[in-house]
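Report on the structure given below.
Please treat every number below as a calculation from the coordinates, not as lab data. Everything numeric in this text was worked out from a predicted model, so none of it was measured. A quick note on method: Cβ atoms are made from the backbone with ideal geometry, for glycine too, and the neighbour counts reach across all protein chains shown.
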């Protein structure tokens with residue numbers, strides 16, 4: 001059960017929203033004194049995200065190695081349902097041949113869901129344990145950290161650029177950026193004015209292209225940060241937090257699942273667009 005203790009409400013909220021940071025200064029490596037340092041590492045976000053990713057890999061490997069047809073267990077059945085759901089989503093959205101997309105989609109939806117699920121742990125439990133071990137700060141929801149969500153979205157963005165160049169070639173990719181949405185040829189624009197139209201198209205399409213990783217990262221971060229903040233505010237109510245905490249947790253399960261699904265589906269859609277060679 002949460003308790004603000006000797007802290008004021010604002011200090012309690014601020015403390016729970018701060019990451020455990022490590023950065024290098026002129027005095028050497030320091031903890032939690034990284035204000036304004038671009039290269040600061042959010043150690044807690046990195047540890048939880050990597051740990052959950054490794055745990056997911058071990059779990060899936062264990063299920064795959066011990067999978068049976070005659071007598072599948074509950075865990076195998078659950079994993080098969082998730083795999084089947086992801087496979088159907090990919091087949092319905094991605095109509096090209098690429099063996100990377102389905103495993104990527106499965107990794108994204110499962111990994112993001114597990115990171116989001118950390119938000120259901122009572123806000124004082126893990127930070128309380130960390131405090132007993134001498135750790136001043138601990139933020140346990142990796143997807144409430146924009147560094148994590150931007151890292152994932154930038155990885156997807158790199159794949160978008162890679163497959164766009166691979167499928168369309170440099171000329172086709174540049175043509176996609178400069179010849180739409182306003183095609184100077186179809187509009188009957190004099191060729192002397194084509195560079196102006198192409199420059200205008202390039203600006204519009206570049207903004208649309210850059211908006212893809214931004215929308216992926218900020219949507220996930222914003223929803224999870226807001227959810228975490230709600231749990232922190234509820235924790236300030238002391239004994240009165242229990243019914244509100246339960247109600248918000250039940251509702252938040254929908255948000256956790258939906259955000260993982262949206263991140264997966266947008267990734268599939270963006271990579272499908274990258275494979276369109278028209």
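Cα-based values for the stretch 96-184, radius of gyration first and Dmax second, are 20.4, 67 Å. Taken along its principal axes, the alpha carbon cloud of the stretch 150-278 reaches lengths of 73, 26, 21 Å, longest axis first. Compared with the alpha-carbon gap, the fully stretched path from residue 186 to residue 121 is longer by 17.7 nm at 0.36 nm per residue.
Note on the chain: with a GNM built from Cα contacts shorter than 10 Å, the maximum mean-square fluctuation among 150, 221, 200 falls on 200.
Just subtract the alpha-carbon distance of residue 35 and residue 60 from 0.36 nm times their residue separation and send over the number in nm, one decimal. Let's see the in-between values first.
Values: separation 25, 0.36 × 25 = 9.00 nm, distance 3.90 nm.
Taking residue 35 through residue 60 to full extension adds about 5.1 nm, to one decimal.
Stretching residue 242 away from residue 211 to a fully extended chain increases their span by 7.2 nm, per 0.36 nm per residue minus the current alpha-carbon distance.
Rounded to the nearest 0.05, what FRET efficiency do residue 14 and residue 158 have when you use their Cβ-Cβ distance and R0 = 30 Å?
Details: r = 35 Å, r/R0 = 1.15.
According to the calculation, E is roughly 0.30.
Taking only Cα atoms, what is the 0 to 90° angle, nearest 10, from helix 101-117's long axis to the longest principal axis of the chain? For helix 101-117, the angle is close to 30 degrees. Here the residues 143, 206, ranked from fewest to most Cβ neighbours within 10 Å of their Cβ, fall in the order 206, 143. For the options 172, 28, 128, a Gaussian network treatment of the chain with springs between C-alpha atoms closer than 10 Å singles out 28 as fluctuating the most.
The angle separating the long axis of helix 74-93 from the principal Cα axis of greatest extent in the chain is about 30 degrees.
Report, to the nearest 10°, how far helix 146-178 tilts away from the longest principal axis of the Cα atoms in the chain, using its own Cα long axis and a range of 0 to 90°. Long axis of 146-178 versus the principal axis of the chain: about 10 degrees.
Only helical runs count toward this figure. For the chain, summing -39,500 (n - 2.57) over DSSP H runs of n ≥ 4 and dividing by all residues gives -23500 deg cm²/dmol at 222 nm. In terms of its C-alpha gyration tensor, the stretch 41-105 comes out oblate, because a/c is 1.5 or above while a/b does not outweigh b/c.
Rank these for me by crowding, 203, 69, 268, going from fewest to most other beta carbons within 10 Å. Provide the component values of the computation, followed by the final result.
Working: 203 12, 69 6, 268 20.
Going from least to most buried by this count: 69, 203, 268.
Summarising the label geometry, the points placed 7 Å from Cα in the beta-carbon direction at residue 47 and residue 99 lie 3.8 nm from one another.
By the Cα gyration tensor, the stretch 44-274 has an equivalent ellipsoid whose semi-axes, rounded to whole angstrom, run 40, 25, 15 from largest to smallest.
Listed from fewest to most Cβ neighbours within 10 Å, the set 185, 96 follows the order 185, 96.
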